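Worksheet for the structure shown next.
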Amino acid sequence: MRWDNLYVAGLGKYLPQRVMTTEQAVEQGLYDAKVCAANGYKSVRVAGDQETGPVMAGAAGRIAVERSGLANDDFGLVLHAYASHQGRDLWSPASFVQNETVGIGGPAFDVRGGCNGGLSALELAASYVAARPSAKAALITAGDAFQLPYVDRWTADERSICGDGGAAMVLSKQGGFARLLSSVSAGDPTLEIVDRGSGPWTAAPFEEGKPINLSERRRDYLLRDEFALRSVLERMAKTGDWVMQTALQEAGTDLKSVQFLVHTTYSEPVAQLGIYGRMGFDRTKTSFDWALSVGQVGAADELLGMTYLAESGRPKPGDLLVAAGSGAGYVWTVAVFEFLETPRW
């Protein structure tokens, strides 16, 4: 979708102060040394007991709203994305975030898009704000904390290690420092079983009393025959490439004209073979090296990366930034932005 008159007016991030290095995790027997060497992560941010996903998202949201300069009653929508447990069962984290940021006004909705959650929320917010004259702006947040006994951040997924944090974006029709040029999403639901696995349904979360093991579920499906893994990788590459190419075309540009890229913080091999390396994109123009010191922060990776780059002062007027995400389901989203000015935060 090509967008007109939609802008990024504010960005914000919140990362816990506690840092745990992968070297420390290996020494303590938490992280396999061979997996550590292959994946390339340096450290993760670790949330405290009171730093839940929505708490961190709310903190990031307050920063983004303040930076936007917009009034609370300008916000016609709040979307909160997440992948992990949010501190309580059977409640609305999005409403908590709304109350912590812009208060009473438009609706607040939760977005469950896995690692693509932040960009899924962006797609929905853009459509909502563009279609409703009364909605001047939307607040998009994402926040996750991965804690035992539910999730073991070091072993839940062989492709990544989980970091904790929150991020936020203000999308506005009233101007901003960057313009949203296009966004495109696509899904291949035939791949949802890759993360579900072939095991039985459960009646409640954490029913077996063991931490979630996504790698075990994936191996159960992908190794069932010699063709499964190849077929899945081919379908992922095909859809991911289509979303990227379409988003660039609708923005009226191409990859050679893009200055910056942010993407889901997968491990070195996955990012190199499947994302920036596959695109032939210069790694120094991404947020990836910084992200390897934070971890894979659930639904927040792309918003975190964009905030990090904006705060660095590197993007200049006219520079293009591409945000590329993918998440269980499987769903892909690519958004293309043009910087109109360098934020002075």
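Would you mind stating whether Gly274 is modelled with pLDDT under 95, in contact with a Gly (Cβ under 6 Å, 6 or more places away or on another chain), under 26 Å from Arg45 (Cα atoms) and open to solvent by less than 50 Å² (accessible area, probe 1.4 Å)? First the steps, then the outcome.
On the way: modelled with pLDDT under 95: yes; in contact with a Gly (Cβ under 6 Å, 6 or more places away or on another chain): no; under 26 Å from Arg45 (Cα atoms): yes; open to solvent by less than 50 Å² (accessible area, probe 1.4 Å): yes.
So Gly274 does not fit the description; no.
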- [ ] Select, from Val336, Val294, the only residue that is aliphatic (A, V, I, L, M), in a loop (DSSP other than H, G, I, E, B) and touching a residue at least 40 places away in the same chain (Cβ under 8 Å).
- [x] Val294
Open item on the list: On the basis of being over 30 Å from Gln249 (Cα atoms), acidic (Asp, Glu), open to solvent by 20 Å² or more (accessible area, probe 1.4 Å) and in contact with a helix residue (DSSP H, G or I) (Cβ under 6 Å, 6 or more places away or on another chain), does Glu216 make the cut?
Closed with: no
- [ ] Pick out the one residue from Thr253, Thr342, Thr239 that is open to solvent by 10 Å² or more (accessible area, probe 1.4 Å), in contact (Cβ under 8 Å) with a residue 60 or more places away in the chain, under 24 Å from Leu181 (Cβ atoms) and part of a helix (DSSP H, G or I).
- [x] Thr239
- [ ] Would you mention how many residues in the range 255-286 are over 25 Å from Phe339 (Cβ atoms) and of a type in the set (A, V, I, L, M, F, W, C)?
- [x] 2
Task: Sole exception among (1) within 21 Å of Lys42 (Cβ to Cβ); (2) without any contact (Cβ under 8 Å) to a residue 60 or more places away in the chain for Pro317, by number - done: (1)
- [ ] Considering each residue of the range 223-236, count those that are touching a residue at least 24 places away in the same chain (Cβ under 8 Å) and open to solvent by less than 50 Å² (accessible area, probe 1.4 Å), and give that number.
- [x] 2
Task: Candidates Asp195, Asp282, filtered to the one that is touching a residue at least 24 places away in the same chain (Cβ under 8 Å), in contact with a helix residue (DSSP H, G or I) (Cβ under 9 Å, 6 or more places away or on another chain) and of a type in the set (D, E, K, R) - done: Asp195
TODO: Take the residues in the range 190-236 that are over 25 Å from Gln86 (Cβ atoms) and polar (S, T, N, Q), then tell me which one is modelled with the highest pLDDT.
DONE: Thr190
- [ ] Could you please let me know if Ser134 is open to solvent by 10 Å² or more (accessible area, probe 1.4 Å) and out of contact with any Lys or Arg (no Cβ under 8 Å at 6 or more places or on another chain)?
- [x] yes
Task: Enumeration of residues in the range 31-63 that are buried (at least 16 other Cβ atoms within 10 Å of the Cβ), out of contact with any helix residue (DSSP H, G or I) (no Cβ under 6 Å at 6 or more places or on another chain) and among the hydrophobic types (A, V, I, L, M, F, W, C) - done: Val35, Val44, Val46, Ala47, Val55, Met56, Ala59, Ala60, Ile63
Open item on the list: Please determine whether any residue of the range 76-91 is acidic (Asp, Glu) and modelled with pLDDT of 95 or more.
Closed with: no
Task: Qualifying residue in the range 237-253 (condition: at pLDDT 95 or above and under 30 Å from Gln147 (Cα atoms)) - done: no
TODO: Can you run down the residue pairs with Cβ atoms below 6 Å, 6 or more apart or on separate chains, where the first is in the range 199-222 and hydroxyl-bearing (Ser, Thr, Tyr) and in a helix (DSSP H, G or I) and the partner is open to solvent by 80 Å² or more (accessible area, probe 1.4 Å) and at pLDDT below 85?
DONE: none
Task: Filter result for the condition that a residue is open to solvent by 10 Å² or more (accessible area, probe 1.4 Å), assigned to a strand (DSSP E or B) and on the phi < 0 side of the Ramachandran plot, over Arg179, Arg153 - done: Arg179
Open item on the list: Anything in the range 223-236 that is among the aliphatic types (A, V, I, L, M) and part of a loop (DSSP other than H, G, I, E, B)? List them, or say none.
Closed with: Leu223
Task: Residue within the range 313-333 that is β-branched (Val, Ile, Thr), in contact with a helix residue (DSSP H, G or I) (Cβ under 7 Å, 6 or more places away or on another chain) and surrounded by 24 or more Cβ atoms within 10 Å (Cβ to Cβ) present - done: yes
Task: Enumerated strands (runs of 3 or more DSSP E) restricted to the range 1-87, each holding at least 1 residues that are of a type in the set (A, V, I, L, M, F, W, C) and closer than 30 Å to Ala135 by Cβ - done: 7-14, 75-81
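The values are calculated or read from the model by the stated rules, or taken from the named source; none is laboratory data. Keep in mind the model is a prediction, meaning the values are calculated, not measured. Note that each Cβ is placed from the backbone with ideal geometry, even for glycine, and that neighbours are counted across all protein chains shown. To get the accessible areas, we keep the full protein, side chains included, count just its heavy atoms, and leave off ligands, DNA and RNA. Shrake-Rupley method; radii C 1.70, N 1.55, O 1.52, S 1.80 Å.
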